Amino acid sequence: MKQLQSMNRLLLGPGPSAVHPDVLKAMATPLVGHLDPYFFEVMNGTREMLRTVFGTKNELTIPMSGTGSAGMETVFVNLIEPGDKVIVCVNGVFGERMKDVAERCGASVVEVTAPWGQPIDPDEIRKALEKNGQVKLVAIVQAETSTGVRQPLKEVSEIVHEHGALFAVDSVTALGGIPVDVDENGIDACYSGTQKCLSAPPGLSPVTMSDDAVQAIRKRKTKVQSWYLDLGMIANYWGEDRFYHHTAPISMVFALHEALRILLNEGLENVYKRHEDNGKLLQQELQSAGFELLAAEGYRLPQLTAFRLPQGLDDIRLRRELLNLYGIEVGGGLGPLKGQIWRVGLMGHSSNLANVRLFMGALQDILNRNK
Ligand SMILES: *Cc1c(COP(=O)(O)O)cnc(C)c1O
């Protein structure tokens, strides 16, 4: 068997993003046991930093073992019991995934949709709430990675709470790229992932739950369907009791700890501004070069830009060339947008001026070669 190779790749796709060298170093930190007092210190520090980045005082703020989708399942399996009514907002792949997960929990799901590339209209959520009586939870994606749409949260949150429902937000691509502001936005349940704007490898899913969400979990009549994702038990390990539940992925917690430390060292406001500036520049450059952006103006994420490929170009061949000639990875379209768009991520450590320039130059070169 050949030894693994260190590939020189520039990760400008929809995740994973470039990992800071210090995060890779942190992953090589010698192991301690998952019940070692030193590890408890690292766990506490990680939780404290997660609260800062989420913008919350929520006690129940922990990284779940697994990727972003594990966080999604965590929110639904813990909050939903069979028969509960749930509104899921769908304007891309990840809204569709939430709907699938909610249905698997036995929820009766009402969909509120918008065309891919458009945000969800809060009035549509209001109408759905008025029409459907007792709704337990409304779920929405803040940063729809399949389209590049940024969903404003404040107004949606107010409508949801006026109707006495819980508000769940997918912040997988948002966290560490744009403000999530869990407490200010009245979010009851929020999950993210490590490999997008937090710039650590995939493997953990930060989750935070408000007091109302915790109460809703306490009031369950049935056991949480998933043993592995049962927050009641996991919170005992991450909380005061330190009771063994499953072996924590120790090296990944080290990685997240270092990634959060680097992020907070730069400062949240600086991090957001860096994402904003580089994302805006990329979008301006693409438009000046004649490309059409998918996401509606005013609702564009700085950390993920989707643009239409000119008709008649071979998406897969072009992306292969970009990888072979420049070592640059970008994403293609998902679902109905397959073959039609490219998705360029400027997430976390990948978001810098040099990468914008390098990508634009490489794109022009690849297109010239394929004229
Ligand atoms: C990437 C992503 C997920 C899923 O995360 P995985 O780490 O791939 O499991 C969920 N929601 C959004 C918005 C994402 O971008």
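Across the chain, Cα pairs under 8 Å and at least six residues apart give a relative contact order of 25 percent.
For the chain, what proportion of DSSP beta bridges, expressed in % and rounded to the nearest 5, is antiparallel?
Details: 20 of 39 bridges.
Of those bridges, close to 50 percent are antiparallel.
In this structure, the residue pairs whose Cα-Cα separation is over 27 Å, taken from 154/280; 127/154; 273/338; 2/338; 99/196; 196/338, are 273/338; 2/338. Between region 335-357 and region 11-49, how many Å separate their Cα centres? About 25 Å separates the Cα centre of region 335-357 from the one of region 11-49.
Pulled fully out, how much extra length does the chain show between residue 44 and residue 246, if you take 0.36 nm times their separation in residues and subtract their Cα-Cα distance?
Values: separation 202, 0.36 × 202 = 72.72 nm, distance 1.74 nm.
Gain on extension, residue 44 to residue 246, equals 71.0 nm.
Assuming a ≥ b ≥ c are the square roots of the Cα gyration tensor eigenvalues, decide whether region 21-264 counts as rounded (a/c under 1.5), prolate (otherwise, with a/b larger than b/c) or oblate. It is prolate, given that a/c is not under 1.5 and a/b is the larger ratio.
Around the Cα centre of the chain, unit charges on the Cβ atoms of Lys, Arg, Asp and Glu (plus for the first two, minus for the last two) sum to a dipole of about 1000 debye.
A Förster radius of 22 Å combined with the Cβ-Cβ distance from residue 5 to residue 29 puts the calculated FRET efficiency at roughly 0.40.
Given a Förster distance of 35 angstrom, what is the FRET efficiency for residue 59 paired with residue 320, based on the Cβ-Cβ distance and rounded to 0.05? Please list the in-between numbers first.
Details: r = 48 Å, r/R0 = 1.37.
Between residue 59 and residue 320 the formula returns 0.15.
Spatially, region 144-206 and region 70-132 are offset by 14 Å when compared through their Cα centroids. Report the Cα centroid-to-centroid distance between region 213-227 and region 271-293 in angstrom, as an integer. When both Cα centres are located, 43 Å separates them.
Please return the longest stretch of the chain lacking exposed loop sites, where chymotrypsin sites (Phe, Trp or Tyr not before Pro) count only if DSSP places them in a loop and at most 15 other Cβ atoms lie within 10 Å.
Details: sites that count: 227, 243, 244.
Result for the longest clean stretch: 1-226.
Shape analysis of region 163-253 places it in the oblate category; the axes a ≥ b ≥ c from the Cα gyration tensor give an a/c of at least 1.5, with a/b not above b/c.
For a quick check: sort 371, 131, 85, 25 by the number of other beta carbons within 10 angstrom, fewest at the front.
Numbers: 371 4, 131 9, 85 17, 25 12.
Starting with the residue having the fewest Cβ neighbours, the order is 371, 131, 25, 85.
FRET efficiency for residue 222 and residue 134, Cβ-Cβ distance as r, R0 = 22 Å, nearest 0.05?
Numbers: r = 17 Å, r/R0 = 0.80.
According to the calculation, E is roughly 0.80.
Where a ≥ b ≥ c are the square roots of the eigenvalues of the C-alpha gyration tensor, would you call region 301-346 rounded, which needs a/c under 1.5, or, failing that, prolate if a/b is larger than b/c, or oblate? Oblate. Of all aspartates and glutamates in the structure, those lying under 13 Å Cα to Cα from residue 223, and not within fewer than 8 positions of it along the same chain, are 81.
Laboratory data are not the source of any read-out in this text; all were calculated from the coordinates shown. All of these numbers come straight from a predicted model, not from anything done at the bench. Cβ sites come from the backbone with ideal geometry, for glycine too, and all protein chains shown count toward neighbours.
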